[in-house]
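Participant: Sending over a structure as structure tokens; questions will come in a sec.
The values are calculated or read from the model by the stated rules, or taken from the named source; none is laboratory data. Keep in mind it's a predicted model, so treat the numbers as computed, not measured. Positions of Cβ are backbone-derived with ideal geometry, glycine not excepted, and every protein chain shown enters the neighbour counts. All accessible areas refer to the heavy atoms of the entire protein, side chains included, with ligands and DNA or RNA removed. Shrake-Rupley method; radii C 1.70, N 1.55, O 1.52, S 1.80 Å.
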Amino acid sequence: DAKTTQPNSMESNEEEPVHLPCNHSTISGTDYIHWYRQLPSQGPEYVIHGLTSNVNNRMASLAIAEDRKSSTLILHRATLRDAAVYYCILRGYNAGNMLTFGGGTRLMVKP
Amino acid sequence: KAGVTQTPRYLIKTRGQQVTLSCSPISGHRSVSWYQQTPGQGLQFLFEYFSETQRNKGNFPGRFSGRQFSNSRSEMNVSTLELGDSALYLCASSLEVAGANVLTFGAGSRLTVL
């Protein structure tokens, strides 16, 4: 699987937007961009995924660069419950469920 | 609907023993994959099963094994436990295995090896 690069940690204030970046310069044309997050003492939790176009769901938005070499997960209004480690993962179309997790970004939310 | 259920949630073993962990996927999900999470190595893929067949295997020694039953429930076994096997073992299930597919993880089984 192609590799992703994320900042180790980020800080945000409660109720402010958060932009979590991910670089994936070696992404292939059929790789999906997935985001998962892991809250303390829990298993990872799906957040959002996309292929080429920007995506929105009830949890977040995913903005994908035109060349697909980077993407940004957007939390529109951070809450204390959003404090977690966020993982950006590339999944090939037929790669199965063998996900390659990097170090992720630890998001800290200040009240 | 019920999520992914892993049992036991916590267990303590001693070196040389073996352990079996169980995972019940979401009803209707046919794919189950297993991951190991440690502070030093992060989340690492162990193996993946789909319709009782192992599809992929991560870079772990043969002491780590797994299987999937006809009802999609899965077990993983670690034999001859070592201190370094202390970790959170996570199971995830999904409907299929295409790149757009979403994984649902369980809460994990935390294994401590003394």
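Participant: Under 6 Å between Cβ atoms, at least 6 apart or on separate chains: pull out the pairs that start in the stretch B:4-16 with a residue that is open to solvent by 50 Å² or more (accessible area, probe 1.4 Å) and end on any residue that is of a type in the set (Lys, Arg).
Facilitator: As it stands, the answer is B:TYR10/B:ARG110, since those pairs meet every condition given.
Participant: Right, something else. For A:MET59, state whether it is open to solvent by less than 60 Å² (accessible area, probe 1.4 Å), within 14 Å of another protein chain (Cβ to nearest Cβ), touching a residue at least 12 places away in the same chain (Cβ under 8 Å) and not in a strand (DSSP E or B). Step through it out loud before you land on a result.
Facilitator: Values: open to solvent by less than 60 Å² (accessible area, probe 1.4 Å): yes; within 14 Å of another protein chain (Cβ to nearest Cβ): yes; touching a residue at least 12 places away in the same chain (Cβ under 8 Å): yes; not in a strand (DSSP E or B): yes.
Yes; evaluated as a whole, the condition is true for this residue.
Participant: Further question: Of the numbered conditions (1) over 28 Å from A:ASP31 (Cα atoms); (2) open to solvent by 20 Å² or more (accessible area, probe 1.4 Å), B:LEU21 satisfies every one except a single condition; which is it?
Facilitator: (2)
Participant: Which pairs turn up if I take residues in the stretch A:1-26 that are without any contact (Cβ under 8 Å) to a residue 60 or more places away in the chain and look for partners that are charged (D, E, K, R) with beta carbon separation below 6 Å, at least 6 apart in sequence or on another chain?
Facilitator: Note: pairs meeting the criteria are A:SER25/A:LYS69.
Participant: Further, regarding this structure: Of all residues being among the small types (Gly, Ala, Ser) and modelled with pLDDT under 95 in the stretch A:75-97, which is farthest from A:GLY29 (Cα to Cα)? Just the residue, please.
Facilitator: Quick first cut of the stretch A:75-97, residues among the small types (Gly, Ala, Ser) only: A:78, A:83-84, A:92, A:95-96.
Of the ones still in play, those that are also modelled with pLDDT under 95 are A:92, A:95-96.
Details: A:GLY92: 9, A:ALA95: 13, A:GLY96: 17 Å.
In this case the residue turns out to be A:GLY96.
Participant: Can you tell me which condition B:GLU75 does not meet? The list is (1) assigned to a strand (DSSP E or B); (2) within 11 Å of chain A (Cβ to nearest Cβ); (3) not β-branched (Val, Ile, Thr), and all the others hold.
Facilitator: (2)
Participant: In addition: Here are some conditions: (1) open to solvent by less than 20 Å² (accessible area, probe 1.4 Å); (2) in contact with a Pro (Cβ under 7 Å, 6 or more places away or on another chain). A:VAL85 meets all but one. Which one does it not meet?
Facilitator: Failing condition for A:VAL85: (2).
Participant: Restricting attention to the stretch B:62-78, and to residues there that are over 18 Å from B:VAL4 (Cβ atoms) and touching a strand residue (DSSP E or B) at 6+ places or on another chain (Cβ under 8 Å), which single residue is surrounded by the most Cβ atoms within 10 Å (Cβ to Cβ)?
Facilitator: B:VAL78
Participant: Return the residues of the stretch B:49-71 that are under 24 Å from B:GLN17 (Cβ atoms), part of a loop (DSSP other than H, G, I, E, B) and not charged (D, E, K, R); say none if nothing qualifies.
Facilitator: B:GLY58, B:ASN59, B:PHE60, B:PRO61, B:GLY62, B:PHE69
Participant: Tell me which residues, restricted to the stretch A:8-56, are part of a loop (DSSP other than H, G, I, E, B), surrounded by 12 or more Cβ atoms within 10 Å (Cβ to Cβ) and within 11 Å of another protein chain (Cβ to nearest Cβ).
Facilitator: The answer is A:SER28, A:THR30, A:ASP31, A:LEU39, A:GLN42, A:GLY43, A:PRO44, A:LEU51.
Participant: Residues being within 10 Å of chain B (Cβ to nearest Cβ) and not in a strand (DSSP E or B): count how many of those fall in the stretch A:63-99.
Facilitator: Selection size over the stretch A:63-99: 8.
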